[in-house]
Amino acid sequence: MGVDLTTITRAYTEARNRGLIASFSGRGSYVLGASNVHESGRIDLAMNIPPQPADGSLAERIKESLEELLARQPIEALSQYQDGSSNRSAIHAAQAWMRPALEGLDTEHLLICAGAQAAICGILTSTLRRDDTVLCEPLTYPGFLHAARHMGLRVQPVDIDHDGVIPDAIERLHRQTGAQLIYLNPTSQNPTASMMSEGRRSEVASVLRRLQMTLIEDDPYRYLLNDAPAPLVTYTGGTRTYYLASLSKCLWPSLRTAFVLPPAGQGDTGLQAGLRTSGLGSSFLVSIAEQWIRSGAARHLAQEVQREARARQTLARSLLPETARGQLTGIHTWLPLPSHWNQQLFAHALEELGITVACADSFSASPETNDAVRISLGGAINQTVLRQALARIAVLIKEDRRRGARTIV
């Protein structure tokens, strides 16, 4: 062809980065058709779920768990509804699971519920009333926003910097609005993947104690991270703090099991009523969670998910712009957009390529926010599919579709 080998090599690399071909050692390169992308032709990077372990062990583990449960317990026992404190055996397992994170705290009144969303609804129902003000990070978990707005609460964002929410801003809003409760996700924050520093955690805890404000600390990603600072609840000593930990983000989305530690000295009576309002749990799912924790399967599975998440974050770092942010073993990446892209237009353009992501405004506590998208790395069925999707995102973000556009008046 009269073309230098270096040019051909670069062309293959570009085709691979665009997700047009796949290369395999010893087998060569193959053109990828639509069927190679995903069975449905679409790649969902909007829903934040943990990736399945690369060894494919999850399905087999679930099958073994079902057989063991049915052999050990009658189906009638597994078919019951579950309130937060009735299954002491499962609670003891949960206490053991959470002990490393909550060292030194009294977990006697730990509760189990049907996912962190149910816990958030239960806490808000039991502590606030319509028109009360609740504080949060400017970008935060949409489930919290939905619950707060459905209750008629006034959601007020707190100013942040690179270390997390600013303590003086919390105090200022407390005085201006009378807010008595703040919701925070300080560890691998959803959606920005930021990490509140240890020093800031201490400062925030000090302000909350002095103002006698209540804290909801949502901590779903901790068990995928090896170097996260201690939870905020350890800085508050548990005073006026609800601590939430979910298994859905670190093990299996369908497990729908979360643990709630109520404020120290408060007991669980009021929260129990709120949790019953938001929904009862499943004995079946709680039994699987207990079995996995006691057998060590939960710890092993979390390590396998973490290993897969690390590989996917490595892919994201190699393909996406340097402005993208994600924890080393986190399951999502935050991608601020350049000035030539509007978040809705960017998401729509990705939709046309068969890729879905979550826009910043889905997480915003205020009417306006900067243009960015959250990319959930666990949604792709494997790393090959994820690479194709990320390569297409990387190519698209460089396009400036304003060029050559005509002004219409």
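FYI, it's all coordinate maths here, none of it is from the lab. Small disclaimer: the values here were computed from a predicted structure and weren't measured. Positions of Cβ are generated from backbone atoms using ideal geometry, with glycine treated the same way; all protein chains shown enter the neighbour counts.
General observations
- Computed magnitude of the charge dipole of region 276-349 (debye, nearest 20; Cβ of K, R +1, Cβ of D, E -1): 140
- Within the shell defined by Cβ-Cβ distances under 13 Å, the residues around residue 132 carry a net charge of +3, with Lys and Arg each +1 and Asp and Glu each -1.
- Student exercise, the chain dipole from Lys, Arg, Asp, Glu Cβ charges, in Debye to nearest 20: 620
- Here residue 318 and residue 76 are evaluated by their C-beta separation; at R0 = 35 Å the FRET efficiency comes out at 0.10.
- 9 Å beta-carbon shell around residue 380, net charge (K/R +1, D/E -1): +1
- Considering only alpha-carbon pairs that sit under 8 angstrom and 6 or more positions apart, the relative contact order computed for the chain is 25 percent.
- For the Cα trace of the chain, dividing Rg by the Kirkwood Rh returns an Rg/Rh value of 1.01.
- In degrees, nearest ten, helix 383-398 long axis to first principal axis of the chain (Cα): 70
- Between 0 and 90 degrees, the angle of helix 297-319 with respect to the longest Cα principal axis of the chain falls at about 40 degrees.
- For region 80-295, alpha-carbon Rg over 2.2 N^0.38 Å: 0.95
- Label sites at residue 168 and residue 92, each approximated as a point 7 angstrom past Cα along Cα to Cβ, lie 5.1 nm apart.
- Helix 5-17 and the long axis of the chain differ in direction by around 40°, with both axes built from C-alpha atoms.
- Rounded to 5, percent antiparallel among DSSP beta bridges of region 186-267: 50
- Local net charge near residue 96, Cβ-Cβ under 11 Å (Lys/Arg +1, Asp/Glu -1): +2
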